[in-house]
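K.L.:
Right, I'll just put the structure down here and ask away after.
All of the numbers you see were taken from the coordinates with simple rules; none came from a lab. A quick note: this is a predicted structure, and the numbers were derived from the prediction, not measured. Backbone-built Cβ (ideal geometry, glycine too); neighbour counts: all protein chains shown.
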Amino acid sequence: MTIELIPEFQLDPSSKTQIANLLKACFPEEEFHGRTYFKQLPHYRLVMKEGELIVGQLGLDYRVMSLGGQPINVLGVIDVTILPELQGQGLGTKLMKALGGMVSKYTDNVDFILLIAEKHQFYENCGYTLVKQKVKWLTIEEHINYGLQENEFEDCIMIKQVGKKEWKENAELDMFGYWY
Ligand SMILES: CC(C)(COP(=O)(O)OP(=O)(O)OC[C@H]1O[C@@H](n2cnc3c(N)ncnc32)[C@H](O)[C@@H]1OP(=O)(O)O)[C@@H](O)C(=O)NCCC(=O)NCCS
């Protein structure tokens, strides 16, 4: 089993097809229209492979956001997926831990890893904390931009501190872009 970080623009056709199929199998309630992404291309993929077979993957979005008016460097984790027939065997945890290990020394470049999730327990086991936040974000659906939205969330935003900055709960988080 290998885990490799690949810039999105360097993905080969076979990997793109496998990732599109993986997303479709793992999120049957969503319509991906054969794409490798739901709303927007990520910047990187962390890909777990057995030989040429992609058994799991996640997307990574690296951007500046604003938390309580202060800039923070955020590495966003998107669409964590493990092949359905291999779920529940620790591979998802292995992938998330590989991400944590890969990022941990870049404390000057990444303040927080952030993700939006329903499966809190899985991510809590990997060191992530659920936070309560006012959020401002750009709504994109099926390649149409619907402008800015604002709302308060307490059951889906999870973070892991990487750098020295402390997370400010209840402060406004401006995502400076789309909600992944
Ligand atoms: C979520 C997912 C990535 C986890 O990967 P995995 O390899 O199955 O997870 P692991 O085997 O490492 O399991 C780790 C823990 O998460 C829990 N877990 C796994 N899948 C879960 C699920 N679907 N719902 C709730 N908890 C889950 C397991 O109970 C396990 O806890 P335990 O060790 O205390 O029993 C994988 O199940 C998946 O691809 N699911 C479909 C897509 C999805 O929902 N992605 C997450 C979007 S937020």
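K.L.:
Please compute the net charge surrounding Phe9, taking Lys and Arg as +1 and Asp and Glu as -1 over other residues with Cβ under 12 Å from its Cβ.
P.N.:
0
K.L.:
Between helix 91-103 and the chain, what is the angle of the helix's C-alpha long axis to the longest principal axis, kept within 0 to 90° and rounded to the nearest 10?
P.N.:
For helix 91-103, the angle is close to 50 degrees.
K.L.:
Cross-link candidates for Lys24: which lysines have Cα within less than 16 Å, leaving aside residues fewer than 8 places away along the same chain?
P.N.:
Filter leaves Lys16, Lys39.
K.L.:
Between Phe27, Phe38, Phe112, find the one with the highest GNM mean-square fluctuation for the chain; connect C-alpha pairs within less than 10 Å.
P.N.:
Comparing Phe27, Phe38, Phe112 in a Gaussian network model of the chain, the most mobile one is Phe27.
K.L.:
Any chance you could check the Cα centroid distance between the stretch 131-156 and the stretch 38-60 for me, in angstrom?
P.N.:
After rounding, the separation between the Cα centres reads 24 Å.
K.L.:
Let's test the formula: R0 of 22 Å, r as the Cβ-Cβ distance of Glu50 and Lys16. What FRET efficiency results, to the nearest 0.05?
P.N.:
Approximately 0.75, to the nearest 0.05.
K.L.:
Which of the three applies to the stretch 29-180, rounded, prolate or oblate, going by the alpha-carbon gyration tensor with a ≥ b ≥ c and a/c under 1.5 meaning rounded?
P.N.:
The shape class here is oblate.
K.L.:
Mind checking which of Leu23, Trp179, Tyr44 is farthest towards the positive end of the chain's charge dipole, using Cβ charges of +1 (Lys, Arg) and -1 (Asp, Glu) about the Cα centre?
P.N.:
Tyr44
K.L.:
A further question on this structure: Using a cut-off of 28 Å between alpha-carbon atoms, which lysines can reach Lys164, once sequence neighbours fewer than 8 places away in the same chain are excluded?
P.N.:
The reachable lysines, counting only those whose Cα sits under 28 Å from Lys164, are Lys94, Lys97, Lys105, Lys119, Lys132, Lys134, Lys136.
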